[in-house]
Amino acid sequence: AQSPIGSLGHIQLALPGYLAGEMPIKVGFLVGKDTDLVEDPKYDAVGDASFLKDLPDKYRVDPDSHEYLKNCDSGITGQAHADVAIPWYIHKHYDDIEVDIIFPEDITLKRLKGNMVNFIVGYDVINAVFEGKERLKQMTNMFKACGNIMPSWEVQEFIYMKSTYMTRLKELGVPMAPTIFAHKGKRSPESLLASIKERGWKMFVMKQSYMAFSLGFQKLSVEECEKNPQILKDYFQDFADCPEYVVQEAIQGFVRNWETRCFWFNGEFLYAIANKAAVSTDDGLEQIVTGDDIPEEFLENAKRIGREALKCLPELKTPSGEPIPMTLIRTDIGCSDSEIHDKETNWDPNQRTFFLNEIEYGGTTYFIRHLKFDAMPLWAKLYVEKAREIHEKMQAPEPQAKRARVGEVETKAPLMKKPAAVMKKPAKA
């Protein structure tokens, strides 16, 4: 029988295999996807979606409005996406986990702290950017204060602000497209164009930190910006609040070659998908391949560069401060096969050069329906094992020497405790 759904949307598990007194681990999943279908004929070809038969309709998404059915008129039908399907699979198969599927509008500090850990698999601070300054401030403060979000706020912020991880990657020697960062308060259309010309670029792309869905992306030429300075002036005006623009020389080979996206968990490679832009395909549609359909040269170079990129990330820690291996990270690797003009970069135009395009984490697209194997059991197992690992480390007794040191400090200087610092929001994207 289906387990009852509580007033907050918690899934209360019946635990037939549990001994008296044992309690399940409470695990939250922050959802909000509308572009990562699991209830789809493509998934049916490799997996069994029957575990979703008793999924409450409120968790499904209307493909037209992109709203959860709980917010739609009666009679509207929808499908489940990866962020909901994964915790529901856990709910159906793992007795020691109490799953809490959290809609974006239901996120509160109390709700987050009520769980042992909360995994971001859908909604995050980037979504809040589109909901206004107050919502962004609210979400940022909650993610900082709850202490049990995964990945940690430190890891999230490191990835959101692209200059942070890209600067570290450059120090590590990881290849990337030639890049200029234009920080809020220190930029102007004139100075940016001058920097671009000084580097020798002909074409360039504008991207943004704290942004998603390719919003703010624009491909421009130096020639057109010189002829019409208003182009960059308008961009600066339209996106004045963005904390930083990520400006890169346009890599012509990027659109005609595969971009290979590698998925990592615990620092280990899981699988990859490769896609080719619609402008480069014969039928004008984006092409996606997986498994052994990815050319070996692209896959092996993507794994090599992705593995190096993982080294730049901050150490992930449990809510109690113990280090643990990293949760989901996705590394996106592009390919250049023609001349670039950056005076500081020496890539051979006669051969392929693979480079890191982007790093994403748990709220990214999983591409489950495009794979050649059923990834639902894999993702459920990984998140369950990570929750158990965190729980075990948090339950472990504190070393005696550490307890003694803490006790000594508290005895000698009990007045040193200070109230928590007032949370400050980051610059709005």
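The values are calculated or read from the model by the stated rules, or taken from the named source; none is laboratory data. From a predicted model like this one, the values you see are computed outputs, not experimental measurements. Cβ sites come from the backbone with ideal geometry, for glycine too, and all protein chains shown count toward neighbours. Heads up: the accessible areas ignore ligands, DNA and RNA and are worked out on the full protein's heavy atoms, side chains in. Shrake-Rupley method; radii C 1.70, N 1.55, O 1.52, S 1.80 Å.
Against the condition in a helix (DSSP H, G or I), open to solvent by 20 Å² or more (accessible area, probe 1.4 Å) and more than 30 Å from Gly200 (Cα to Cα), how does Glu315 come out, does it pass?
So Glu315 fails the test.
When the residues of the stretch 59-77 are filtered to those that are farther than 22 Å from Phe367 by Cα and of a type in the set (D, E, K, R), which remaining residue is most open to solvent (accessible area, probe 1.4 Å)?
Asp73
Search the stretch 283-294 for residues that are at positive phi and pair each with any residue that is modelled with pLDDT under 95 and assigned to a helix (DSSP H, G or I) when their beta-carbon atoms are under 6 Å apart and the residues are at least 6 apart or on different chains.
Between residues of the stretch 283-294 that are at positive phi and residues that are modelled with pLDDT under 95 and assigned to a helix (DSSP H, G or I), the close pairs are Gly284/Ala278.
Looking at Glu224, is it open to solvent by 60 Å² or more (accessible area, probe 1.4 Å), out of contact with any helix residue (DSSP H, G or I) (no Cβ under 7 Å at 6 or more places or on another chain), more than 26 Å from Phe354 (Cα to Cα) and modelled with pLDDT of 95 or more?
For Glu224, the condition - open to solvent by 60 Å² or more (accessible area, probe 1.4 Å), out of contact with any helix residue (DSSP H, G or I) (no Cβ under 7 Å at 6 or more places or on another chain), more than 26 Å from Phe354 (Cα to Cα) and modelled with pLDDT of 95 or more - is not met.
Just checking: which of the helices (runs of 4 or more DSSP H) contained wholly in the stretch 73-169 hold 3 or more residues that are touching a Gly at 6+ places or on another chain (Cβ under 9 Å)?
Counting at least 3 such residues, we get 82-93, 109-113.
Considering Val129, Val38, Val125, Val117, which residue is within 23 Å of the chain's Cα centre (by Cα) and closer than 25 Å to Phe373 by Cα?
Val38
Without any contact (Cβ under 8 Å) to a residue 12 or more places away in the chain and within 23 Å of Thr365 (Cα to Cα): is that true of Trp153 in this structure? Give the steps one after another, and end with the answer.
Numbers: without any contact (Cβ under 8 Å) to a residue 12 or more places away in the chain: yes; within 23 Å of Thr365 (Cα to Cα): yes.
Yes; evaluated as a whole, the condition is true for this residue.
For Glu22, only one of the following conditions fails: (1) under 21 Å from Tyr383 (Cα atoms); (2) surrounded by fewer than 15 Cβ atoms within 10 Å (Cβ to Cβ); (3) modelled with pLDDT of 95 or more. What is its number?
Checking Glu22 against (1) under 21 Å from Tyr383 (Cα atoms); (2) surrounded by fewer than 15 Cβ atoms within 10 Å (Cβ to Cβ); (3) modelled with pLDDT of 95 or more, the one that fails is (3).
Quick check on the stretch 283-292: of everything there that is open to solvent by less than 100 Å² (accessible area, probe 1.4 Å) and over 18 Å from Tyr366 (Cβ atoms), which residue is nearest to the chain's Cα centre (by Cα)?
Gln287
Evaluate the stretch 102-120: report whether one residue or more is open to solvent by less than 10 Å² (accessible area, probe 1.4 Å), more than 21 Å from Arg307 (Cα to Cα), touching a Ser or Thr at 6+ places or on another chain (Cβ under 8 Å) and modelled with pLDDT under 95.
For the stretch 102-120, residues open to solvent by less than 10 Å² (accessible area, probe 1.4 Å), more than 21 Å from Arg307 (Cα to Cα), touching a Ser or Thr at 6+ places or on another chain (Cβ under 8 Å) and modelled with pLDDT under 95: absent.
Test Glu39 against the stated conditions and say whether it is at pLDDT 95 or above and in a loop (DSSP other than H, G, I, E, B).
When the stated conditions are applied, Glu39 passes them.
Would it be correct to say that Lys137 is touching a Lys or Arg at 6+ places or on another chain (Cβ under 7 Å), more than 30 Å from Asp40 (Cα to Cα) and surrounded by fewer than 19 Cβ atoms within 10 Å (Cβ to Cβ)? Talk me through it step by step, then tell me what you get.
Working: touching a Lys or Arg at 6+ places or on another chain (Cβ under 7 Å): yes; more than 30 Å from Asp40 (Cα to Cα): yes; surrounded by fewer than 19 Cβ atoms within 10 Å (Cβ to Cβ): yes.
Criteria met by Lys137.
Under 7 Å between Cβ atoms, at least 6 apart or on separate chains: pull out the pairs that start in the stretch 193-211 with a residue that is under 30 Å from Gly363 (Cα atoms) and end on any residue that is of a type in the set (Phe, Trp, Tyr) and part of a helix (DSSP H, G or I).
Sorted first by the residue in the stretch 193-211, then by its partner, the pairs are Met206/Tyr235; Ser209/Tyr160; Tyr210/Tyr160.
Please specify each residue of the stretch 224-251 satisfying the condition of being in a helix (DSSP H, G or I) and not hydrophobic (A, V, I, L, M, F, W, C).
Selection gives Glu224, Glu226, Lys227, Gln230, Lys233, Asp234, Tyr235, Gln237, Asp238.
Taking the criterion of being buried (at least 20 other Cβ atoms within 10 Å of the Cβ), out of contact with any helix residue (DSSP H, G or I) (no Cβ under 9 Å at 6 or more places or on another chain) and at pLDDT below 95, would at least one residue in the stretch 261-282 satisfy it?
no
I want to confirm something. Restricting to the stretch 240-255 and keeping residues that are surrounded by 15 or more Cβ atoms within 10 Å (Cβ to Cβ) and farther than 23 Å from Ala277 by Cβ, which single residue is modelled with the highest pLDDT?
Going residue by residue through the stretch 240-255, those that are surrounded by 15 or more Cβ atoms within 10 Å (Cβ to Cβ) are 242-255.
So of that shortlist, the ones also farther than 23 Å from Ala277 by Cβ come out as 242-244.
Details: Cys242: 89, Pro243: 88, Glu244: 93.
Of everything passing the filter in the stretch 240-255, Glu244 is modelled with the highest pLDDT.
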